[in-house]
Structure formats: structure tokens, C-alpha cells
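The values are calculated or read from the model by the stated rules, or taken from the named source; none is laboratory data. Everything numeric in this text was worked out from a predicted model, so none of it was measured. Reconstructed Cβ throughout: ideal geometry from the backbone, glycine too, with neighbour counts over all protein chains shown. Accessible surface is based on the protein model in full, side chains and every heavy atom, while ligands, DNA and RNA are left aside. Shrake-Rupley method; radii C 1.70, N 1.55, O 1.52, S 1.80 Å.
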Amino acid sequence: MITKNNYKDILEEIKQFFKDDHFLFYCYYSVIDTTIIDESLSASAAISFIKKEDGSIQKTLVINPDFQKNLSFYDWRFIITHEMLHLLLEHPKRYFVNKAIYQTVLNFGDIFNIAADISVNHLSTDMFDINRNEMTNWKDYCWVETIFHTIPGLESIKSGETTEYYLDLLMKNSNTIEIPSIQNHDGWSSSGQEGAEEGDASTRSDNLSEFDINQMFDDITEKFVSEVARELRKPIPYVRQLLQEIRQDSDMGDGNGNGGIFGYGTSSFRSTLKRATERLLGLDKVPKMREAWTELFKTVKKRAGFDEELEESWSRTDRRFISIMNQSDILLPTEYEIESKGKMKLAIFVNTGKYCSRYIDSFKKLIASIPKDTISYKLYAFSSKVHEANDINDLHFTGGGAYISCVEKFLKNNGTHYPDAVLVVTDPTFYDTVSPQYPERWFFCLTNGGYGGYGRGRANTIFNGATKCLIDDIMKNRCVMTKT
Ligand SMILES: [Zn+2]
């Protein structure tokens, strides 16, 4: 699906995924200088490091769409994540550190590559909730299942460990584990050989020295720091200082600075990145509201028919009836509900009209405190029109008045299904009223209201049948819901 013509668009789309899910990972993507297509590359993708005349090292993401044809967007997202993680975990640098330990091992390069790939692959799926079964051929890559679990005695080796941990295991079991020569992280191996590839994504370089590589990662870190600063509109020294503190606090390094900026890449990597993001955004000082949200979303899910307990018990169609049901046109209402269930589609609309401009900080803090590990949603801003927002930084106040009818109009006309639940963050007054198709799916997080009066033409115009709670309560980690 990636071609010479569309690869830039597709990479851009993948980058957008990074931005939504892991802001810092997205910023790290900017350390890549350029992207090219190379049909002679013996992998689907690789990052090449080439020393330029001025001594700096050019980092190129090389893509070969012909290496494995018919890879899906999902596969490519995995492959690009894989490449970026090799960089973020500073594997080329760690190669040299470990090579000094295993000097006498002949195929050290191959073994290191497998250890690094096992670590990176599990991390890729974990960080971006990639379901391996949705990949075209997940077994083509290195995992604990494909490398270790087939060996007697190693069936219980876990994912989420460091490259060094897997390297040690591979070394200890080098008699029983067949080391496939399928990698071409050739810059890391002293022989510089290029093995025949089997669909792996990898990293290559033109025989750079350990000094070159260390220098390159210092430069990369600087570029990353300035990119984060640029994205957050914060001063570079502030970001640099904070990243250093994050590194020291979270006990990620071994004291020799051998892990990447965010550590070695164990199963805690995802939460480390998330905590670092919150700290950089100043969101770690947000009051704890987890219990309140849990309470609120329990009700939201129940009302939207996503009550897990319910689904597991009485509402499930008895297995004995399934064969009858399948031959019949009749669908029991409960079964229909189960069939239509998947992930709850939640849309959050934030009033960015002029009367809400004074609430901007509390609205952002409120949205930022929604536990993203359990609740996913699409975010929108509205006043007289609805605008899609990628994150809270996209919530800009328009200066105009707010019309609640534009939300309902948007929900009905945007081409997708009406969401299972609609959460509106707003003050209680609008210029108009609306009678939505599904009022029971609407939830309001309201300011105390009344401040400065309703203004000309405004009234307390929230329709009946919805559920409301107060932002002030949620901020105090309380959730009191009432019907409108
Ligand atoms: Zn790799």
C-alpha cells in the first residue's frame, strides 16, 4: 500500500498517530533528517547514518515498499515505530557497550540485533496498543514467542525486559537457539555483513565509530530537546533541565548513561513517557480526579450499554440458542446490543465561546485529567461551529457566542455513527436550544454558572433527559450526577 507516490502522506499519517498517543515519541520523530525510498534495501525500512563532509551525521529513514508487498497501514505503523524505538533506546550506542563485554563472540552483531528487536517489537505493540493478530505476518519478526518459547526450559520468558536481558539469555543458550542471520543492522556489527533479510526493519550505517555514534546521540538529544521546546512553546533550557530531572528521578539509567533518554525500554517505558509528558506540560500538578472520572464513566458506559458486568452475565444470549438464532431473521434485542458493541465511542465537546474564555485553564485541566488508559475519546471545540481538536492545545477560544445546536447538527451530519456518549464541557447557557435525537446519551460537565449573568439572549438552555455534574466537583475528585 505504500508507494513512491504516497509514502510521504502515509508517514505523515503515522506521525499523527504518534502525536495523539505519545507526544514525546512524536517529537523524537523530528530527529530524522530525511526520508527516501530505496528498492535495493533488504528490509522494509531502516535508518541509515551517513557522515557528511562537515562531520555531522545525516539520519535517513529508508523505506522499501517492494521488500514485502501488500503490507497494511497497520504493519507500516508498527515498522516505523520499531525503527524509531531503536533510535530512542539508543541501540546503536548500546551495541558498542555490549560488544566490549562479548568481544570474543563471533556473530555478536546478529545476536545483539535479535535481542534489540525482541525488546523493540514488544515495546512497539505495547506503546501503541498494536494487536499483533491484525498485522499481516507478525511471526516474521522477533518476539519472545518466536525466539525463546520454542526452546524447552525457556517457555516462560517474559516480554517487556531490556535488550541486555535478552542478549544475556541468547548468549547463555547459544547452543540451543538457532540465531537466524536475518538482520542488516550492519553498522553495528564489526563484519559489516549484510544478511538476507526476512521482512525485518532495521538500522544500518556506514561503519561509524563508537565515538561518531556517541556524538550523534548527543546531537540527537539536543535536537529533540529543542523540538519539544518548540512544540510546547517553552524555553530550551527549561525543557533540557526537566528532561534531566525526569531521567534522574525515574532511576532509569545504570549510572553510565547507557539507556536512552527515557531508559532501557522495559515494560515501564510507556508509563515513563507518559509521566514525562505530563511533567513537561505541567499537568502533574493537576489535582487527582481519577475516582471522580471512574465514577462518571461507569455511569456513562452503563447508559451507553457498555457495562462489562452486564455483558458477561444475563444479557448474553444462551449458547444453546445461538444455532437457532443464526438461522432466523429474528434478533433478540439483547443480542443485537452485544453484536453492536465494541469500544464505546465517546465524543467530548468543549465550549470555546466567549463566555467560557475565563474557564480555559480549568477546561484544559479537566480534559487532561481524564484517565486515557481506560477512556478514549474524540475531542472537539464548539461555539457557533464544531472544530476537531487533536489535543487540549488545539482548544482555542473564538470570541463568539456558543450554540448547542451546532453540536447536534455535527453529530448527525459528520458521516459517522452518532457516538455512544457525548460529554459537553461548558457553562450552562447557550444562545439557542436543541432537542437531540438521543438526549440520554448526553452528559454535561458544567461550571457553576451564573457568573456575570446569562448575557443578552442567553438562557439556561440545557434540554431535559441528559445527565449533568459540576466541574468543581470533579476537580475535587467527587462525582455527583443529576438528571437535567
Ligand atoms: Zn530492528
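Data table
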{"quantity": "Residue in the stretch 2-24 that is among the hydroxyl-bearing types (Ser, Thr, Tyr), more than 20 Å from Val120 (Cβ to Cβ) and surrounded by 16 or more Cβ atoms within 10 Å (Cβ to Cβ) present", "calculated": "yes"}
{"quantity": "Any chance Met135 is open to solvent by less than 50 Å² (accessible area, probe 1.4 Å), more than 23 Å from Val97 (Cβ to Cβ), of a type outside the set (S, T, N, Q) and in contact (Cβ under 8 Å) with a residue 60 or more places away in the chain", "calculated": "yes"}
{"quantity": "Residues located in the stretch 35-46, provided they are closer than 22 Å to Asn113 by Cβ and in a loop (DSSP other than H, G, I, E, B)", "calculated": "Asp38, Ser40, Leu41, Ser42, Ala43, Ser44"}
{"quantity": "Which numbered condition His91 fails, given (1) surrounded by fewer than 23 Cβ atoms within 10 Å (Cβ to Cβ); (2) modelled with pLDDT of 90 or more", "calculated": "(1)"}
{"quantity": "Helices (runs of 4 or more DSSP H) completely within the stretch 72-160 that count 1 or more residues being farther than 27 Å from Thr221 by Cβ", "calculated": "73-88, 108-127, 144-147"}
{"quantity": "Some residue of the stretch 47-67 being at positive phi, in a loop (DSSP other than H, G, I, E, B) and exposed (fewer than 15 other Cβ atoms within 10 Å of the Cβ)", "calculated": "yes"}
{"quantity": "Selected residue (criterion: most open to solvent (accessible area, probe 1.4 Å)) from residues of the stretch 68-88 that are over 21 Å from Phe23 (Cβ atoms) and of a type in the set (S, T, N, Q)", "calculated": "Asn70"}
{"quantity": "Test: Ala381 is assigned to a strand (DSSP E or B), open to solvent by less than 20 Å² (accessible area, probe 1.4 Å) and in contact (Cβ under 8 Å) with a residue 12 or more places away in the chain", "calculated": "yes"}
{"quantity": "Candidate set from the stretch 114-131 (those that are of a type in the set (Asp, Glu) and over 17 Å from Pro92 (Cβ atoms)); member that is surrounded by the most Cβ atoms within 10 Å (Cβ to Cβ)", "calculated": "Asp126"}
{"quantity": "Residues of the stretch 69-93 that turn out to be away from the ligand (no atom under 13 Å from the Cβ) and either among the acidic types (Asp, Glu) or under 25 Å from the mean Cα position of the chain (by Cα) (or both), as a count", "calculated": "9"}
{"quantity": "Selected residue (only one of Thr146, Thr136, Thr150, Thr104 is within 16 Å of the ligand (Cβ to nearest atom) and either out of contact with any helix residue (DSSP H, G or I) (no Cβ under 9 Å at 6 or more places or on another chain) or more than 19 Å from Gly260 (Cα to Cα) (or both))", "calculated": "Thr146"}
{"quantity": "Residue check, Thr461 at pLDDT below 90, over 32 Å from the mean Cα position of the chain (by Cα) and open to solvent by 30 Å² or more (accessible area, probe 1.4 Å)", "calculated": "no"}
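Condition check ((1) modelled with pLDDT under 85; (2) open to solvent by less than 40 Å² (accessible area, probe 1.4 Å)) across all residues:
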{"site": "Asp168", "(1), (2)": "no, no"}
{"site": "Leu208", "(1), (2)": "no, yes"}
{"site": "Ser226", "(1), (2)": "no, no"}
{"site": "Pro235", "(1), (2)": "no, no"}
{"site": "Asp249", "(1), (2)": "yes, no"}
